């Protein structure tokens with residue numbers, strides 16, 4: 001049952017997310033919180049976004065494989081982890097695969113279709129709004145791990161996170177590659193941690 | 001001969017999957033190099049078409065393009081080989097990492113590192129948000145959709161699927177109405 005849920009959840013994610021990559025994050029956040037919130041915390045999910053960005057391969061496949069492995073691991077040992085990853089990855093891949101096979105045959109009609117164009121004028125801005133929601137979610141995890149109320153009692157960690165975020169936004173917009181940003185952030189985290197600023 | 005071509009498709013996309021970080025658009029230049037210049041499976045125009053198709057069909061861009069190029073190169077079996085090839089490296093690497101990560105998460109240094117990394121991910125997301133905003137159509141219908149999709153999911157916790165379907169219908173209807181307005 002757990003494996004069918006994995007497959008179907010990622011199949012749905014694969015069907016409804018346009019734009020690839022980060023466009024999937026809002027839906028992944030929602031589904032993980034609803035179905036596997038006890039296994040994967042919001043902070044772990046953010047950590048894994050970083051791992052997905054620093055390993056080769058498409059973001060969606062990386063996220064599906066990881067979540068599948070964690071959920072499958074709950075059912076038992078190594079083989080179940082592999083099987084969980086397999087179900088989630090197959091789920092996220094299949095919709096694209098089938099749809100592209102169809103589109104490859106009817107490409108000219110698809111390209112000129114007013115219906116497709118019309119839907120896209122709604123879908124593109126929708127993705128912007130959805131990602132903005134995901135950003136807000138991640139902000140909550142970064143700045144207020146203990147909930148929004150606890151953030152009012154600001155700790156040094158709050159300000160350090162803010163400083164790292166501002167610095168990294170500046171670098172990201174100067175086209176510094178994601179992997180460099182992640183490594184730098186990790187280095188700063190380790191440095192301030194051993195300086196005793198986080199405890 | 002057919003088998004050889006299938007293996008070539010698999011191996012080409014395996015390499016692309018193994019060596020592109022960040023996925024999606026980062027793969028397009030590699031696909032161009034391998035599938036257009038080296039193998040002549042598709043043309044430069046096809047690559048532009050693939051990007052356009054990938055943007056207007058659901059799913060990861062990497063899968064969309066692997067399926068499309070594989071199909072053009074060697075039919076349905078080719079698309080299976082291309083897709084498997086691009087997925088396999090990620091699958092193996094992440095599976096291995098998920099074991100390692102569970103072992104190391106308890107380490108103090110790793111926890112500190114992830115404290116920093118979370119703030120870094122926030123920066124990457126803001127960058128992605130800006131990129132998506134630039135690619136989106138502008139004008140009042142688009143701003144209404146952006147605002148509504150944000151409010152409905154982030155504030156009112158409405159299911160993302162419903163919001164996406166609603167926005168597609170909204171786009172379809174408003175583009176029809178606006179076009180009629182232009183004609184009249």
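The table that follows gives values for the structure above.
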{"item": "Spherically averaged projected area of the protein assembly as shown from its Cα convex hull (nm²)", "result": "19.8"}
{"item": "Highest average packing first - A:58-65, B:126-133, Cβ atoms within 10 Å", "result": "A:58-65, B:126-133"}
{"item": "D (Stokes-Einstein, µm²/s), Kirkwood Cα radius, the stretch B:111-183, 1.002 mPa s at 20 °C", "result": "147"}
{"item": "Principal axis dimensions, largest first and in whole angstrom, of the stretch A:65-152 by Cα", "result": "54, 43, 12"}
{"item": "Cα long-axis angle, helix A:156-173 against chain A (0 to 90 degrees, to the nearest 10)", "result": "50"}
{"item": "Inter-chain Cβ neighbour average for residues B:76-89, partner chain, 10 Å", "result": "3"}
{"item": "Rounded FRET efficiency, nearest 0.05, which uses the C-beta distance separating residue B:33 from residue B:106 and R0 of 41 Å", "result": "0.45"}
{"item": "Where only C-alpha atoms are counted, convex hull volume of the stretch A:2-144 per residue in Å³", "result": "116"}
{"item": "Whole-Å semi-axes of the stretch B:2-104's equivalent ellipsoid (Cα gyration tensor)", "result": "24, 16, 12"}
{"item": "Mean separation of Cα contacts under 8 Å (6+ apart) over length of chain B, as relative contact order %", "result": "20"}
{"item": "Surface/4 of the Cα convex hull for the stretch A:92-199, nm²", "result": "10.6"}
{"item": "With Cα atoms, 0 to 90° folded angle of helix A:2-16 axis to chain A main axis", "result": "80"}
{"item": "Over chain B, volume per residue of the alpha carbon convex hull, in Å³", "result": "174"}
{"item": "Radius of gyration and maximum dimension Dmax of the stretch A:154-199, Cα, Å", "result": "11.2, 33"}
{"item": "Relative packing of B:156-162, B:114-120, which averages over residues the other C-beta atoms within 10 Å, highest first", "result": "B:114-120, B:156-162"}
{"item": "Per-residue average of Cβ from other chains inside 10 Å of B:145-157", "result": "6"}
{"item": "Inter-chain shielding of A:188-196 (mean C-beta neighbours from other protein chains, 10 Å cut-off)", "result": "5"}
{"item": "Angle in degrees between helix A:178-194 and the longest Cα principal axis of chain A, rounded to the nearest 10", "result": "30"}
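Throughout, read-outs are computed from the coordinates displayed, never taken from laboratory work. A quick note: this is a predicted structure, and the numbers were derived from the prediction, not measured. Positions of Cβ are backbone-derived with ideal geometry, glycine not excepted, and every protein chain shown enters the neighbour counts.
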